[in-house]
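J.: My structure is below; once you've seen it, I'll send some questions.
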Amino acid sequence: MRAVYLETPKNAFIKSIEEPLCPMGYAKIKVKVVGICGSDVSAYKGTSPMCTYPRVIGHEIVGEIVEINTKDTRFKLGDRVILEPYVYCGKCYPCISGRTNSCENLKVLGVHIDGGMTEYISHPVHLIHKLPDNLSFEEAVMAEPLSIALHSMHRLRLKPKEYIVIFGAGQIGNLVAQASLAIGAIPILVDVLDERLSIAGNLGVRYLLNPDKEDVIEGVREITKNMMAECVVEATGSFFGIRNSLDVVAYTGRIAFVGWPNQEIPLPTALITRKELDIYGSRNSVGEFPLALEMIEKGKVNVWAIISEIISLDEVPKYLEILANEPSRFLKVLGKVE
Ligand SMILES: [Zn+2]
Ligand SMILES: [Zn+2]
C-alpha cells in the first residue's frame with residue numbers, strides 16, 4: 001500500500017509499505033481522509049522537537065473499519081470512525097491520574113510511531129470513536145484539531161463573557177476563537193496575516209488585532225476597558241506570542257501555552273508573581289473527541305471555513321513542500337485517500 005514517507009527532513013515521497021496486521025484489541029481501518037497538521041509540516045522541515053525519522057506521518061485520520069479483533073461490541077465492520085492518535089502507556093503517573101495526553105511514554109501517530117497518511121492503519125479499539133452518520137469524512141477529520149483547541153479552553157476553565165486573547169489565527173487559533181464564541185466568551189484574535197484574521201472575522205469574531213499594524217497590548221486594553229483579558233491561548237510558539245501573553249492577561253488571569261517553541265523562551269517571572277497568574281501547558285487532548293464531533297455535527301463550529309484545499313494522498317509530499325515554503329498560503333489542507 002502507498003504511504004507518505006518522510007525519510008529525513010525535507011525528503012518526503014510516496015513509498016510502498018506492508019499492510020498492517022490486526023492484533024488483539026485492534027481494528028484495521030481503511031483510511032479515507034487525512035489532515036495535514038502544522039506538526040506534519042514541522043516534521044517535514046525538521047523543526048519538530050519530537051519527530052523521529054524515517055516516519056510515515058499523519059495523525060488526523062478518519063476511515064472505515066475493515067477488520068476487527070476484539071470482544072468490544074461497540075464496533076462492527078464498515079463503521080465510520082476517527083482515530084485518537086495519542087497512544088499512552090496506562091502505567092505512569094499522568095496516565096494513572098487520567099491525563100493520558102501527557103503520558104511520559106506517549107507515542108503520537110506520525111510523530112513517535114508511524115501514522116495515517118497511508119491506505120490502511122491498525123489502531124487500539126479503545127482509541128477509536130464512531131462518527132455521527134451525517135458528518136462527512138472531511139468534516140469529521142477536523143475533530144482532531146478541534147479537540148486540541150477545546151483542551152486548551154478546558155485547561156483554562158474558560159467561562160461565558162470572559163475575554164480570551166488568542167495568539168495565532170491558524171487552524172488551532174481559529175478553532176479556539178470559534179469554540180469560544182460558541183460558549184459565549186469573547187475572543188480577541190491576534191495574527192500578522194490579515195487573510196487569516198478576515199476568515200475569523202467572517203465567522204463572527206469581532207476583535208481582530210494585527211501586531212504589524214497596531215499595538216496589541218494597547219488594543220487589548222481598549223477592548224477590555226483597562227482590565228486586560230481573563231484568559232490567553234498562545235497558539236504560535238513564537239517569542240512574540242509567549243512573551244506578550246504575560247502583558248495582555250489580566251491580574252490573576254490564566255494562560256494556556258499550546259504552541260511549541262523550538263527554542264527556550266526567557267520570561268520575566270516577577271510579572272507572573274505580581275499578577276498571580278495561572279500558566280498551563282496544554283498538550284494534545286484527553287476525552288475531548290466526542291465533544292469535538294458533536295460541535296461539528298451541530299454546526300457550533302464551521303470547519304469548512306478553514307478547509308482551504310482537498311488533495312489526493314499522492315499530492316501530499318508536494319504540498320508539504322508548499323506549506324513549508326509558503327506557510328500563509330493555506331489554512332487547512334486535507335488529503336483524500338482513494
Ligand atoms: Zn493535528
Ligand atoms: Zn503513561
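J.: Can you name the condition, by its number, that LEU106 falls short on among (1) within 16 Å of ligand 2 (Cβ to nearest atom); (2) farther than 17 Å from ILE57 by Cβ; (3) of a type outside the set (Asp, Glu)?
T.: (2)
J.: Could you look through segment 1-41, keep only residues that are farther than 15 Å from LEU320 by Cα and of a type in the set (Val, Ile, Thr), and pick out the one that is surrounded by the fewest Cβ atoms within 10 Å (Cβ to Cβ)?
T.: First, the residues of segment 1-41 that are farther than 15 Å from LEU320 by Cα: 1-2, 15-33.
Right, trim to of a type in the set (Val, Ile, Thr) and you get 17, 29, 31, 33.
Details: ILE17: 15, ILE29: 28, VAL31: 25, VAL33: 23.
Only one residue fits best here, namely ILE17.
J.: Sticking with this structure for a sec: With the requirement that a residue be assigned to a helix (DSSP H, G or I) and touching a strand residue (DSSP E or B) at 6+ places or on another chain (Cβ under 6 Å), what does segment 148-163 give you?
T.: SER152, ARG155, LEU156
J.: Can you pull out the residues in segment 255-313 that are over 21 Å from LEU156 (Cβ atoms), of a type in the set (Gly, Ala, Ser) and touching a Phe, Trp or Tyr at 6+ places or on another chain (Cβ under 7 Å)?
T.: SER308
Residue-by-condition table, conditions (1) touching a strand residue (DSSP E or B) at 6+ places or on another chain (Cβ under 9 Å); (2) within 24 Å of VAL333 (Cα to Cα):
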{"site": "GLY184", "(1), (2)": "no, no"}
{"site": "ARG196", "(1), (2)": "yes, yes"}
{"site": "ILE199", "(1), (2)": "no, yes"}
{"site": "ASN202", "(1), (2)": "no, yes"}
{"site": "LEU208", "(1), (2)": "yes, yes"}
{"site": "PRO211", "(1), (2)": "yes, no"}
{"site": "ILE223", "(1), (2)": "yes, no"}
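J.: Touching a residue at least 40 places away in the same chain (Cβ under 8 Å) and on the phi > 0 side of the Ramachandran plot: which single residue out of GLY184, GLY168 fits that description?
T.: Sole residue among the options that is touching a residue at least 40 places away in the same chain (Cβ under 8 Å) and on the phi > 0 side of the Ramachandran plot: GLY168.
J.: So GLU162 fits all but one of (1) away from ligand 1 (no atom under 16 Å from the Cβ); (2) in contact (Cβ under 8 Å) with a residue 60 or more places away in the chain; (3) surrounded by 24 or more Cβ atoms within 10 Å (Cβ to Cβ); what number is the exception?
T.: All conditions are met except number (3).
J.: Then there's this: For segment 42-58, which positions are of a type outside the set (A, V, I, L, M), closer than 20 Å to ILE322 by Cβ and touching a residue at least 60 places away in the same chain (Cβ under 8 Å)? Spell out the reasoning first.
T.: Of the residues in segment 42-58, the ones of a type outside the set (A, V, I, L, M) are 42, 44-49, 51-55, 58.
Filter again for closer than 20 Å to ILE322 by Cβ, leaving 42, 44-48, 51, 55, 58.
Within segment 42-58, SER42, TYR44, LYS45, THR47, SER48, CYS51, ARG55, GLY58 meet the criteria.
J.: A follow-up question, please. Assigned to a loop (DSSP other than H, G, I, E, B), modelled with pLDDT under 95 and farther than 22 Å from ILE199 by Cα: does that describe PRO261? Reasoning before the result, please.
T.: Details: assigned to a loop (DSSP other than H, G, I, E, B): yes; modelled with pLDDT under 95: yes; farther than 22 Å from ILE199 by Cα: yes.
Here the answer is yes, as PRO261 does meet what is asked.
J.: Next question. Quick one: in segment 60-94, of everything that is small (Gly, Ala, Ser) and away from ligand 2 (no atom under 16 Å from the Cβ), which residue is surrounded by the most Cβ atoms within 10 Å (Cβ to Cβ)?
T.: The first filter runs over segment 60-94 and keeps only residues small (Gly, Ala, Ser), leaving 63, 78, 90.
After this cut, where a residue has to be away from ligand 2 (no atom under 16 Å from the Cβ) as well, the list is 63, 78.
Numbers: GLY63: 29, GLY78: 9.
Ranking the qualifying residues of segment 60-94, first place goes to GLY63.
J.: Given (1) surrounded by 15 or more Cβ atoms within 10 Å (Cβ to Cβ); (2) outside the structural domain of ALA12 (by TED's automatic domain parsing); (3) among the β-branched types (Val, Ile, Thr), identify the lone condition not met by ILE307.
T.: For ILE307, the failing item is (2).
J.: Does GLU19 satisfy the criteria of being free of Cβ contacts under 8 Å to residues at least 60 places away in the same chain, over 16 Å from the mean Cα position of the chain (by Cα) and more than 15 Å from ligand 1 (Cβ to nearest atom)?
T.: So GLU19 fails the test.
J.: Still on this model: Answer with yes or no whether ASP278 is touching a Lys or Arg at 6+ places or on another chain (Cβ under 9 Å) and closer than 16 Å to ILE57 by Cβ.
T.: On the way: touching a Lys or Arg at 6+ places or on another chain (Cβ under 9 Å): yes; closer than 16 Å to ILE57 by Cβ: no.
The answer is no for ASP278.
J.: For segment 125-139, state whether one or more residues are more than 15 Å from the chain's Cα centre (by Cα) and within 16 Å of ligand 2 (Cβ to nearest atom).
T.: yes
J.: Taking interchain pairs and intrachain pairs at least six residues apart, which have beta carbon atoms under 6 angstrom, with the first residue in segment 314-338 and closer than 20 Å to ALA200 by Cβ and the second among the acidic types (Asp, Glu)?
T.: That search, which allows pairs on different chains as well, returns PHE330/GLU309; VAL333/GLU309; LEU334/GLU138.
J.: Determine, yes or no, whether ARG283 is in contact with a Ser or Thr (Cβ under 9 Å, 6 or more places away or on another chain), surrounded by 16 or more Cβ atoms within 10 Å (Cβ to Cβ) and not aliphatic (A, V, I, L, M).
T.: Spelling it out, ARG283 is indeed in contact with a Ser or Thr (Cβ under 9 Å, 6 or more places away or on another chain), surrounded by 16 or more Cβ atoms within 10 Å (Cβ to Cβ) and not aliphatic (A, V, I, L, M).
J.: Within segment 184-197, is there a residue that is hydrophobic (A, V, I, L, M, F, W, C), surrounded by fewer than 23 Cβ atoms within 10 Å (Cβ to Cβ) and closer than 27 Å to GLU276 by Cα?
T.: There is at least one residue in segment 184-197 that is hydrophobic (A, V, I, L, M, F, W, C), surrounded by fewer than 23 Cβ atoms within 10 Å (Cβ to Cβ) and closer than 27 Å to GLU276 by Cα.
J.: Could you go through segment 130-138 and let me know if any residue there is surrounded by 17 or more Cβ atoms within 10 Å (Cβ to Cβ), of a type outside the set (Lys, Arg), farther than 15 Å from VAL31 by Cβ and in the same structural domain as LYS71 (by TED's automatic domain parsing).
T.: We begin by selecting, within segment 130-138, every residue surrounded by 17 or more Cβ atoms within 10 Å (Cβ to Cβ); these are 131, 135, 137-138.
Retained after the next criterion (residues that are of a type outside the set (Lys, Arg)): 131, 135, 137-138.
If we keep only those that are farther than 15 Å from VAL31 by Cβ as well, we get 135.
If we keep only those that are in the same structural domain as LYS71 (by TED's automatic domain parsing) too, we end up with 135.
Within segment 130-138, one or more residues are surrounded by 17 or more Cβ atoms within 10 Å (Cβ to Cβ), of a type outside the set (Lys, Arg), farther than 15 Å from VAL31 by Cβ and in the same structural domain as LYS71 (by TED's automatic domain parsing).
The values are calculated or read from the model by the stated rules, or taken from the named source; none is laboratory data. What you see is a predicted model; the values in this text were computed from it and never measured. All Cβ positions, even for glycine, are placed from backbone atoms using ideal geometry, and neighbour counts span all protein chains on display.
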